[in-house]
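Quick notes on the structure that follows.
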Amino acid sequence: MTPADHDRYSRQILFPGIGEPGQERLLRSRVAVVGCGALGSFQAGALARAGVGRLVLVDRDYVELSNLQRQWLYEEADVEAGLPKAVAASRRISHINSSITAEPVVADLTAANIEDALGKVDLILDGADNFEVRYLVNDFALSTDTPWVYGAAVGSYGLTFPVVPGETPCLKCLYPEPPSGVQPTCETAGVVNSITSLIASLQVAWAFRILVKTEPLSPRLTMVDIWTGAMRQLELPKRDQECPACVKRDFRHLRGEGRAPVSSCGRNAVQIHERARPLPLADLKARLEPLGAVKANEFALRFFVPPYEMTIFPDGRAIIKGTEDVAVARSLYARYVGA
Ligand SMILES: [Zn+2]
């Protein structure tokens, strides 16, 4: 550790749970943040400030005005520039701590790209907003023996627990299937910004404890309602001896099974990701400009066809806002981008 590192992280080194050996471990660690929204942007900032040496920041979306209420790393200029969250987060982190590296991955995490996107990491923090990605992360983490920390928050309520392969139950043990029925989302039920930062803080604390390895974990599930003040902790149950993922090691999500090629993003938007193919955005911009307002940068192109708004990425993926109807989204994609 350099004298500058010693000074920078001195308050953390003084804390007995971390100490100098723990700080050395953090500096050598590589951590992935999956989803850089309210949870992930807070996690990324906290990890960077704590000196976690290498961060992989994965997000498929761009920064919007309605994100700024709770997504701590972003500012108005990022909205104005139409920056992808992963890029905006990495830039901000380079100003917070230039001695660590943050690698942005602008992508929808899938079975096909998760290994390339995450590579060899020591730990994964969940900042995702859907079960599909969490099951994929769970399979990937188990198959590579990588710990990860689940986190979710909506309204004023949140939940977190760590998954340590071989030690704790996994996500499939606790939730064999995604919750059924219509689930509240931040877009439909709103969210208080202090619940997301609280859950993200708890996740980061688990990450530190797992990475520094100075004491036994005693993993727990924590539930908090920030509005009523109710907090509850439970011992994690035993692993499900029939669990297809952590016991039988049948990683169906990692094989890409059961994944919809088109999905609702839960906020009056549909994502089309089946047509993975490179799209030259400059050509597309020239083609679309006569048809409506176009805003483009090197990372994404936004095309406004009221009441719809299409955001198209260089890998061919698109998010169509203004509808939850998959057929409408497909037709807009076919009409303006091409089938
Ligand atoms: Zn399991």
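In the assembled protein chains, Cys186 presents an accessible area of approximately 40 Å² (probe radius 1.4 Å).
Computed with every protein chain present, the accessible area of Met1 is close to 70 Å² [probe 1.4 Å].
The listed residues Arg8, Arg232, Arg317, once ranked by accessible area (1.4 Å probe) with the largest placed first, stand as Arg232, Arg8, Arg317. Give me the distance between the Cα centres of the stretch 65-136 and the stretch 1-43, rounded to whole Å. Using only Cα atoms to place each centre, the spacing works out to 18 Å. Summed over qualifying helices (DSSP H, 4 residues or more, each -39500 (n - 2.57)) and divided by its residue number, the chain shows a 222 nm mean residue ellipticity of -9500 deg cm²/dmol.
Note on Phe208: accessible area is roughly 40 Å² with a 1.4 Å probe, heavy atoms of protein only.
To put it simply, the accessible area of the chain at a 1.4 Å probe is 54 percent carbon and sulfur. Based on alpha-carbon atoms, the Kirkwood radius and the radius of gyration of the stretch 90-196 give Rg/Rh equal to 0.98. Computed on protein heavy atoms with a 1.4 Å probe, the accessible areas place Ser99, Ser331, Ser90 in the order Ser99, Ser331, Ser90, largest first. Extension gain, Ala81-Glu177: 0.36 nm per intervening residue step, less the Cα-Cα distance, totals 30.7 nm.
Taking 26 Å as the straight-line reach from the Cα of Lys85, the lysines in range (excluding those fewer than 8 positions away in the same chain) are Lys120, Lys285, Lys295, Lys321.
DSSP assigns beta bridges within the chain; of those with both partners inside it, close to 65 percent run antiparallel.
Would you mind getting the accessible area per residue of the stretch 288-339, heavy atoms of the protein chains only, 1.4 Å probe, in Å²? Accessible area per residue, the stretch 288-339: 44 Å². Solvent-accessible surface of protein heavy atoms, probed at 1.4 angstrom with all chains present, puts Lys172, Lys248, Lys321, Lys120 in the order Lys120, Lys248, Lys321, Lys172, largest first.
The values are calculated or read from the model by the stated rules, or taken from the named source; none is laboratory data. Please read all numbers here as calculations on a predicted model, not as lab measurements. Just so you know, the surface numbers come from the protein's heavy atoms only, side chains and all, with ligands and any DNA or RNA stripped out. Shrake-Rupley method; radii C 1.70, N 1.55, O 1.52, S 1.80 Å.
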